[in-house]
Amino acid sequence: MKHSIPQRYFEDFEIGMTFEFGDYRMTEEEIISFGKAYDPQPYHVSRNPGPGYAAGELIASGWHTCAAAMRMLVDHFIPETTVLPAGGVDAIRWLRPVRPGDRLRMKLTVKDMRPSATKPDRGVVKLQIEVFDQSDNVVMTALDVVLFRRRPPITAS
């Protein structure tokens with residue numbers, strides 16, 4: 001569910017700032033549905049994948065964890081009018097399996113920021129993403145590159 005999100009501009013960030021939010025529950029049905037659609041490996045589509053697989057139980061695809069993280073970002077952090085189409089993700093790491101019933105939350109830390117070298121109306125903010133489960137285990141990290149609009153100059157009237 002989308003929450004009220006302030007319209008943050010590039011100038012509203014500082015290196016070291018942190019943001020924490022989210023409560024995303026991973027259900028068995030969603031894990032299997034996502035796995036069947038996008039990552040149909042046995043441990044992403046079956047409660048009992050069978051012997052010999054790297055995971056002997058149902059776990060979420062890492063890509064599903066990324067999608068859940070994106071959902072939390074949209075619902076709690078990304079402003080509707082000041083974020084521009086993104087520059088990408090520099091690194092993603094899946095550190096622990098996500099299981100049915102796990103509740104995920106996020107912590108963002110501003111790691112770097114710079115005005116755009118080619119477009120003066122925007123700036124680049126690099127965010128360290130950490131996704132935690134309900135036991136405070138880090139299950140995923142990423143370094144996200146986000147483009148924010150610059151605050152319009154104030155003109156004298």
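Where a number appears in this text, it was derived from the coordinates with a stated rule and is not lab data. These numbers were taken from a predicted model, which means no experiment stands behind them. For neighbour counting, all protein chains shown are included, and Cβ atoms are generated from backbone atoms with ideal geometry for every residue, glycine included.
With runs of 4+ DSSP H residues as the only contributors, calculate the mean residue ellipticity of the chain at 222 nm using -39,500 (n - 2.57) per run, divided by the residue total and rounded to the nearest 500.
For the chain, the value works out to -5500 deg cm²/dmol.
In debye to the nearest 20, how big a dipole does the chain give about its Cα centre with +1 on each Lys and Arg Cβ and -1 on each Asp and Glu Cβ? It would help to have the intermediate numbers written out before the result.
Working: 20 positive and 20 negative charges, 77 e Å.
My answer is approximately 360 debye.
Over all distinct alpha-carbon pairs, what is the Kirkwood Rh of region 10-149 in angstrom?
Values: mean 1/r = 0.0622 Å⁻¹.
Evaluated on region 10-149, it is 16.1 Å.
Ratio of alpha-carbon Rg to the 2.2 N^0.38 Å globular estimate for region 95-135, to two decimals, please. Walk me through the numbers on the way to the answer.
Numbers: Rg = 15.8 Å, N = 41, 2.2 N^0.38 = 9.0 Å.
Taking the Cα Rg and dividing by 2.2 N^0.38 Å, one obtains 1.75.
Over region 65-134, with a single point scatterer placed on each C-alpha, what log10 of the ratio I(q)/I(0) does the Debye formula yield at q = 0.20, 0.21, 0.22, 0.28 1/Å?
Scattering profile of region 65-134, log10 relative to I(0): -0.95, -1.03, -1.11, -1.54.
Measuring from label point to label point, each 7 Å out along Cα→Cβ, what is the residue 150 to residue 19 span in nm?
2.1
Residue by residue through region 39-48, which ³J(HN,Hα) values in whole Hz follow from phi under the Karplus form 6.51 cos²θ - 1.76 cosθ + 1.60 (θ = phi - 60°), with glycine and proline marked x?
So the Karplus estimates, Gly and Pro as x, are 8, x, 8, x, 7, 9, 10, 9, 4, 10 Hz.
Direction-averaged shadow area of the convex hull around the Cα atoms of region 1-85, nm²?
7.4
Sequence neighbours fewer than 8 away in the same chain don't count; with that in mind, list the aspartates and glutamates whose C-alpha is under 18 Å from residue 107.
Straight-line reach from residue 107, under 18 Å: 12, 14, 20, 23, 75, 90, 130, 133, 136, 144.
Mind giving me the FRET efficiency for residue 37 and residue 112? R0 is 30 Å, r the Cβ-Cβ distance, nearest 0.05 is fine.
E(calc), rounded to 0.05, equals 0.30.
At a 10 Å Cβ-Cβ cut-off, how would you order 83, 145, fewest neighbours first?
145, 83
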